[in-house]
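Contents: one structure, followed by commentary.
The values are calculated or read from the model by the stated rules, or taken from the named source; none is laboratory data. A quick note: this is a predicted structure, and the numbers were derived from the prediction, not measured. Positions of Cβ are generated from backbone atoms using ideal geometry, with glycine treated the same way; all protein chains shown enter the neighbour counts. Calculation scope for accessible area: heavy atoms of the full protein, side chains included, ligands and nucleic acids excluded. Shrake-Rupley method; radii C 1.70, N 1.55, O 1.52, S 1.80 Å.
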Amino acid sequence: MSSNLLDKAYEPHNVERHWYAYWEDQDLFAAIEDNKLKSYSIVIPPPNVTGVLHMGHALNNTLQDVLCRYRRLRGDNVLWMPGTDHAGIATQNVVEKQLALEGADRHQLGREKFIEAVWAWKEKFGSAIINQLKRLGASCDWKRERFTMDAGLSRAVRKVFVTLYEQGLIYRGDYIINWCHRCHTALADLEVEHEDIDGHLYYIRYPFENGNGAAVVATTRPETMLGDTAVAVHPDDSRYHHTESERVILPLMNRPLPIIKDKYVDVAFGTGALKVTPAHDPNDFEIGDRHALPSIKVIGDDGRMTAEAGKFEGLDRFECRKAVIEALDQEGLLEKIEPYRHSVGHCYRCKTVIEPNLSRQWFVRTKPLAEKAITAVDNGNTRIIPETWKNTYYEWMNNIKDWCISRQIWWGHQIPAWTCEACGQLIVAMEAPKECPACRQSKLVQESDVLDTWFSSALWPFSTMGWPEKTPLLKIFYPTSVLVTGFDILFFWVARMMMMGIHFMGEVPFKDVYVHALVRDEDGKKMSKSSGNVIDPLTIIEKYGTDSFRFTLAAFAAQGRDIKMSEKRVEGYRHFVNKIWNAARFALMHLEKDRNRVNLGQLGLADRWILSRLHSVSSAVAEALDTYRFNDAAAVLYNFIWHEFCDWYLEAIKPVLYQKKGPEKESTLAVLWWVLRDTLVLLHPFMPFVTEEIWQQLPGTSGSIMKAAFPSDNKDSPSKVPDPEAASKMGLITAIITGVRNVRGEMHIAPSQMLKVIIQTEDSSIQETIEAHREMIINLSRLRSLAVEAPGAKPAAAATSIVDGAMIFVSLEGIIDFEKEGQRLEKEINKLMNELDPVRKKLNNANFINKAPGPVVEKVKDKQRRLEERRRKLQSNLDRIKQLT
RNA sequence: GGGCGGGUAGCUCAGUUGGGAGAGCGCCGGCCUUACAAGCCGGAGGUCACAGGUUCAAGCCCUGUUCCGCCUACCA
């Protein structure tokens, strides 16, 4: 016991520490390698090893933990595979910064020493995020924790690389790629973030070689003109027909450029003439390819102009832009400058402006892989939930481009390719070759580039399970049951796992993909360090406890909608946790021993009703979790626990509990035990800590709640069937109590004043029900007396309330304010008329009667009958009141 | 340029084959009733963005308009 039952408020801190340690000690998160059990598996989206837990992780892992804990309660053998990602660029940046503080840099250190330094950093700080996930309650199988740079996973990476290369699906070549000068590496197209920037469109005159005027070209990046190797016009553009075989002179460089014709050129844009810079623009590169133009690289990998830039050599690319404009202006070749808003690519890691650069890189040929990945979703082998993301997935897969996978950094999987220094032979192999297969020389140099981090995470669902070995783990747990992830990495990660999983395993990596939303701040803005609106999950956990936080996330995780997070919301659910704590405290005061034998025949109405409700609540929770409707499950539990279990059931059974002893008390205690027991289990996936704490204090339980049976799977549970009779009778009783309370509230009668109530009804079954449960009505509406009689003389000094089939008179002798009662009744009648109006209109419509389905018509007719009766009764009481005033 | 999501109570949002507009918070009134004042009881509050259409019936389906957000794209 780590929290005192006498505490009026739940204190999460010790409870959380205590039970998490207990679960780990007992090995309760461990998956069992036994293929006879029903298996359920999830691989964690591996957080960056440099990462700290943010709201996105918190949501993502809470949802996964809810699913895993739920499936365990349902009896599944669950594998939740944890691990971290080596995050090449990000981690290298972190360690480089650390080196900088020590006055060193990686080049001084050398590659080997630098890699050692990164590993050292990883050993020291790399488990931070894992520990934070534990604070969140994550029930991962920690003993299987993986890291993308582990020996096993690295072998999988090599195997995949070599295989794809041999299959012709990986190639090396000189192409335009996105170059980040800060990170000093190539980036995949996906890793470039586009942003609209207010820039300028510069119109530059390129004089015709023959001296007759000039062609005017427009550009947003004038510095690239230094590398121009042609001017292109559309073949049909009559303005340039006379330029047949003419050339222009490239200003500043005095280089003659051919005028070529290419359909790519948009006649309508600018002057219809396009400068072509094959080394620094992807489209120009393609044009250059078509027309066999030379490529001149004028911007170097360091962001400075190369020797090819002539007198501009050594200038920074942006300084060069200014210098070029000035020089052009001086020569009178700058036609004009217009303001121009256009999209500019930035590095997703460091936000530096990306430069398209000609470079030798490695690529994955994605088309053949994507086709199968599309089919798998098409035919439902993998379901994407919510379905709306299917379109996005298809859209990207259908337009997929080859994937640049080489990175010019040091931290990562070095590409297993070697070049023979003697003959230039390229060798791709699992292990470093001893000699060149072509010339038998042994001077072989390994490719210095490493692979894109996403290349290794694309293998995550099977590399973590031991592939390329044929392990039992793979056999039992692949394909995984579901992948839970945010939409922001749908392409980066999900799509690539699909491609790799299908290609290498012959089977999709996951049956379901559940795509959740983003966590934003309370104004709906994206949380970011620069906006200063980041809420730290650990701060929230410290302040409000993990269970409140998790429940908040689940309660707001509606499909397709972002979550706006604020402390106020978490605070609200902390109240809920506290409510549960106190309800349990109350129950435990009365439960002294195991009460799990219930004789259903002897149950009271409230007992039967709460068991019936519990039955539908457990079905609803199961249904909701089976369909990833986390917010529905949370709402059902919240409403049941607070408003049905606490507000009605516990209040209703208090008199029974305060009795000395007897069969009634015995069976109520048994029901109370079961309802508490089952509710804790239903709640456990969302609130693992408080439920375990209460479970451990509940007499008659053994072991961890993690091993308990879900109510609907539990043979012994008394909440196995709905009880419509109890539901309907309880409905009548609560309606009567609410009716009396309403009178009390509206007439401002103090709760301390006991009331006298007369109920008139001609329905003998209603009479019987009321008589049978008169104590409940008396207690919960605080009555001095309750009389049930056939309709007859109406008590004079009384306020009225109507329930279906009966009229309630609250005697207010001496205190009734007839005018106030009249107003109250008028208000009631008005409310009723607003309901009745559309119902009458419907029934007066012959088309409705004829065309609507029978049951619908009957339902409306029945409603009309009920409303009419209530209205009639209220009206007669109003008339009577009016006579008395 | 293309695509997606959203507009429902003061705020934040649920609302799954079309058939009774809901919750939480906030607000108003009354209560320290022996689990809980982090509580209990009662109450007020909505032209479901706008305009058409389909239907006996529309918050939900169709068309258009408008506002907000996001993703995506090689117009220099």
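Suppose we filter segment A:803-840 for residues that are in a loop (DSSP other than H, G, I, E, B) and either touching a Phe, Trp or Tyr at 6+ places or on another chain (Cβ under 9 Å) or more than 12 Å from RNA strand B (Cβ to nearest atom) (or both); how many remain? Spell out how you get there, then give the answer.
Kept after step one, since they are in a loop (DSSP other than H, G, I, E, B), are these residues of segment A:803-840: A:804-805, A:812-817.
Next cut, either touching a Phe, Trp or Tyr at 6+ places or on another chain (Cβ under 9 Å) or more than 12 Å from RNA strand B (Cβ to nearest atom) (or both) only: A:805, A:812-817.
Selection size over segment A:803-840: 7.
Could you please find all residues in segment A:498-510 being small (Gly, Ala, Ser) and either touching a Phe, Trp or Tyr at 6+ places or on another chain (Cβ under 6 Å) or open to solvent by 10 Å² or more (accessible area, probe 1.4 Å) (or both)? Quick ask: steps written out before the conclusion?
In the first step, residues of segment A:498-510 are kept if they are small (Gly, Ala, Ser); the result is A:501, A:506.
Once the filter is applied, which keeps residues that are small (Gly, Ala, Ser) and either touching a Phe, Trp or Tyr at 6+ places or on another chain (Cβ under 6 Å) or open to solvent by 10 Å² or more (accessible area, probe 1.4 Å) (or both), segment A:498-510 yields only A:506.
Conditions tested, residue by residue: (1) hydrophobic (A, V, I, L, M, F, W, C); (2) buried (at least 21 other Cβ atoms within 10 Å of the Cβ).
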| site | (1), (2) |
| --- | --- |
| A:492 | yes, no |
| A:496 | no, yes |
| A:512 | no, no |
| A:523 | no, no |
| A:533 | no, no |
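Restricting the search to segment A:858-870, which residues are touching a helix residue (DSSP H, G or I) at 6+ places or on another chain (Cβ under 8 Å) and within 8 Å of RNA strand B (Cβ to nearest atom)? Break it down stepwise before answering.
Kept after step one, since they are touching a helix residue (DSSP H, G or I) at 6+ places or on another chain (Cβ under 8 Å), are these residues of segment A:858-870: A:860-861, A:863-864, A:867-868, A:870.
Hits for segment A:858-870 are A:860, A:863.
Could you give me the residue pairs with C-beta distances under 7 Å whose first residue belongs to segment A:334-353 and is acidic (Asp, Glu), whose second residue is at pLDDT 85 or above wherever it lies, and which are 6+ apart or on separate chains?
A:335/A:203; A:335/A:204; A:335/A:205; A:335/A:216; A:338/A:200; A:338/A:201
Which of (1) within 16 Å of RNA strand B (Cβ to nearest atom); (2) open to solvent by less than 10 Å² (accessible area, probe 1.4 Å); (3) not aromatic (Phe, Trp, Tyr) does residue A:192 not meet, given it meets every other one?
All conditions pass for residue A:192, except number (2).
One residue is enough: does segment A:698-714 have a residue meeting the conditions open to solvent by less than 10 Å² (accessible area, probe 1.4 Å), closer than 23 Å to residue A:581 by Cα, of a type in the set (Val, Ile, Thr) and out of contact with any Pro (no Cβ under 7 Å at 6 or more places or on another chain)?
Yes, segment A:698-714 contains a residue that is open to solvent by less than 10 Å² (accessible area, probe 1.4 Å), closer than 23 Å to residue A:581 by Cα, of a type in the set (Val, Ile, Thr) and out of contact with any Pro (no Cβ under 7 Å at 6 or more places or on another chain).
Tell me which residues, restricted to segment A:737-746, are open to solvent by less than 20 Å² (accessible area, probe 1.4 Å) and farther than 12 Å from residue A:782 by Cβ.
Scanning segment A:737-746 gives a single hit, A:739.
A quick yes/no check of all residues on (1) surrounded by 15 or more Cβ atoms within 10 Å (Cβ to Cβ); (2) within 14 Å of RNA strand B (Cβ to nearest atom); (3) modelled with pLDDT of 85 or more:
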{"site": "A:573", "(1), (2), (3)": "yes, yes, yes"}
{"site": "A:595", "(1), (2), (3)": "yes, no, no"}
{"site": "A:605", "(1), (2), (3)": "yes, no, yes"}
{"site": "A:622", "(1), (2), (3)": "yes, yes, yes"}
{"site": "A:626", "(1), (2), (3)": "no, yes, yes"}
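Have a look at A:711, A:718, A:751, A:722 and point out the one that is more than 42 Å from the chain's Cα centre (by Cα) and at negative phi. Explain how you work it out, then say what you get.
Values: A:711 fails: more than 42 Å from the chain's Cα centre (by Cα); A:718 fails: more than 42 Å from the chain's Cα centre (by Cα); A:722 fails: more than 42 Å from the chain's Cα centre (by Cα).
Of A:711, A:718, A:751, A:722, the one residue that is more than 42 Å from the chain's Cα centre (by Cα) and at negative phi is A:751.
Quick one: residue A:9 ticks every box in (1) in a loop (DSSP other than H, G, I, E, B); (2) surrounded by 15 or more Cβ atoms within 10 Å (Cβ to Cβ) except a single one, so which number is it?
Single failed check for residue A:9: (2).
Please count how many residues of segment A:528-564 are at pLDDT below 90 and out of contact with any strand residue (DSSP E or B) (no Cβ under 8 Å at 6 or more places or on another chain). Let's see the steps before the verdict.
Taking segment A:528-564 and keeping what is at pLDDT below 90, we get A:528-536, A:556-564.
Keeping just the survivors that are out of contact with any strand residue (DSSP E or B) (no Cβ under 8 Å at 6 or more places or on another chain) gives A:528-536, A:558, A:560-561.
The qualifying residues number 12.
Filter segment A:256-287 for residues that are more than 7 Å from RNA strand B (Cβ to nearest atom) and part of a helix (DSSP H, G or I); which is surrounded by the fewest Cβ atoms within 10 Å (Cβ to Cβ)?
A:286
Residue check, residue A:686 against (1) within 16 Å of RNA strand B (Cβ to nearest atom); (2) surrounded by fewer than 17 Cβ atoms within 10 Å (Cβ to Cβ); (3) assigned to a loop (DSSP other than H, G, I, E, B), all met but one. Which one?
With (1) within 16 Å of RNA strand B (Cβ to nearest atom); (2) surrounded by fewer than 17 Cβ atoms within 10 Å (Cβ to Cβ); (3) assigned to a loop (DSSP other than H, G, I, E, B) applied to residue A:686, the lone miss is (2).
Does residue A:648 qualify as being assigned to a helix (DSSP H, G or I), farther than 22 Å from residue A:778 by Cα and either assigned by TED's automatic domain parsing to the domain that holds residue A:775 or among the aromatic types (Phe, Trp, Tyr) (or both)?
Working: assigned to a helix (DSSP H, G or I): yes; farther than 22 Å from residue A:778 by Cα: no; either assigned by TED's automatic domain parsing to the domain that holds residue A:775 or among the aromatic types (Phe, Trp, Tyr) (or both): yes.
No; evaluated as a whole, the condition is false for this residue.
Under 6 Å between Cβ atoms, at least 6 apart or on separate chains: pull out the pairs that start in segment A:99-117 with a residue that is touching a residue at least 12 places away in the same chain (Cβ under 8 Å) and end on any residue that is among the hydrophobic types (A, V, I, L, M, F, W, C) and open to solvent by less than 30 Å² (accessible area, probe 1.4 Å).
Short answer, once both residue conditions are applied: A:106/A:114; A:117/A:95.
Name the pairs: first residue in segment A:288-313 and exposed (fewer than 15 other Cβ atoms within 10 Å of the Cβ), second residue among the β-branched types (Val, Ile, Thr), Cβ to Cβ under 7 Å, at least 6 apart or on different chains?
Within 7 Å, the pairs are A:294/A:229.
A quick yes/no check of all residues on (1) more than 30 Å from residue A:11 (Cβ to Cβ); (2) more than 16 Å from RNA strand B (Cβ to nearest atom); (3) within 16 Å of the chain's Cα centre (by Cα):
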{"residue": "A:507", "(1), (2), (3)": "yes, yes, no"}
{"residue": "A:522", "(1), (2), (3)": "no, no, no"}
{"residue": "A:528", "(1), (2), (3)": "yes, no, no"}
{"residue": "A:539", "(1), (2), (3)": "no, yes, no"}
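Please work out if residue A:659 is within 14 Å of RNA strand B (Cβ to nearest atom), open to solvent by 60 Å² or more (accessible area, probe 1.4 Å), outside the structural domain of residue A:815 (by TED's automatic domain parsing) and assigned to a loop (DSSP other than H, G, I, E, B). Write out each step before concluding.
On the way: within 14 Å of RNA strand B (Cβ to nearest atom): yes; open to solvent by 60 Å² or more (accessible area, probe 1.4 Å): yes; outside the structural domain of residue A:815 (by TED's automatic domain parsing): yes; assigned to a loop (DSSP other than H, G, I, E, B): yes.
It is true that residue A:659 is within 14 Å of RNA strand B (Cβ to nearest atom), open to solvent by 60 Å² or more (accessible area, probe 1.4 Å), outside the structural domain of residue A:815 (by TED's automatic domain parsing) and assigned to a loop (DSSP other than H, G, I, E, B).
Go through segment A:315-431 and tell me which helices (runs of 4 or more DSSP H), entirely inside it, have 2 or more residues that are under 30 Å from residue A:215 (Cβ atoms). I'd like the intermediate steps shown before the answer.
Details: elements: A:317-330, A:367-378, A:388-398.
Where helices (runs of 4 or more DSSP H) fall fully within segment A:315-431 and carry at least 2 residues being under 30 Å from residue A:215 (Cβ atoms), they are A:317-330.
Any chance segment A:381-389 includes a residue that's surrounded by 15 or more Cβ atoms within 10 Å (Cβ to Cβ) and acidic (Asp, Glu)?
Checking segment A:381-389: not a single residue is surrounded by 15 or more Cβ atoms within 10 Å (Cβ to Cβ) and acidic (Asp, Glu).
Of the numbered conditions (1) open to solvent by less than 70 Å² (accessible area, probe 1.4 Å); (2) farther than 24 Å from residue A:491 by Cβ; (3) among the aliphatic types (A, V, I, L, M), residue A:164 satisfies every one except a single condition; which is it?
Only one criterion is unmet by residue A:164, namely (2).
When you go through A:134, A:143, A:124, A:159 one by one, which is the residue that is basic (Lys, Arg) and without any contact (Cβ under 8 Å) to a residue 40 or more places away in the chain?
Details: A:134 fails: without any contact (Cβ under 8 Å) to a residue 40 or more places away in the chain; A:143 fails: without any contact (Cβ under 8 Å) to a residue 40 or more places away in the chain; A:159 fails: without any contact (Cβ under 8 Å) to a residue 40 or more places away in the chain.
Selected residue: A:124, the only one of A:134, A:143, A:124, A:159 that is basic (Lys, Arg) and without any contact (Cβ under 8 Å) to a residue 40 or more places away in the chain.
Given the options A:876, A:811, A:801, name the one that is buried (at least 18 other Cβ atoms within 10 Å of the Cβ) and more than 48 Å from the chain's Cα centre (by Cα).
A:811
Can you tell me how many residues in segment A:628-653 are near RNA strand B (Cβ under 7 Å from one of its atoms) and open to solvent by less than 40 Å² (accessible area, probe 1.4 Å)?
Number of matching residues: 3.
Does segment A:719-736 hold any residues that are open to solvent by 20 Å² or more (accessible area, probe 1.4 Å) and either within 14 Å of residue A:614 (Cα to Cα) or of a type in the set (Gly, Ala, Ser) (or both), and which are they?
If we filter segment A:719-736 for residues that are open to solvent by 20 Å² or more (accessible area, probe 1.4 Å), which is where we start, we get A:720-725, A:727-729, A:731-732, A:734-735.
Correct list: A:720, A:721, A:722, A:723, A:724, A:727, A:728, A:731, A:735.
Could we say that residue A:207 is within 16 Å of RNA strand B (Cβ to nearest atom) and either open to solvent by 20 Å² or more (accessible area, probe 1.4 Å) or among the β-branched types (Val, Ile, Thr) (or both) here?
Values: within 16 Å of RNA strand B (Cβ to nearest atom): no; either open to solvent by 20 Å² or more (accessible area, probe 1.4 Å) or among the β-branched types (Val, Ile, Thr) (or both): yes.
It is false that residue A:207 is within 16 Å of RNA strand B (Cβ to nearest atom) and either open to solvent by 20 Å² or more (accessible area, probe 1.4 Å) or among the β-branched types (Val, Ile, Thr) (or both).
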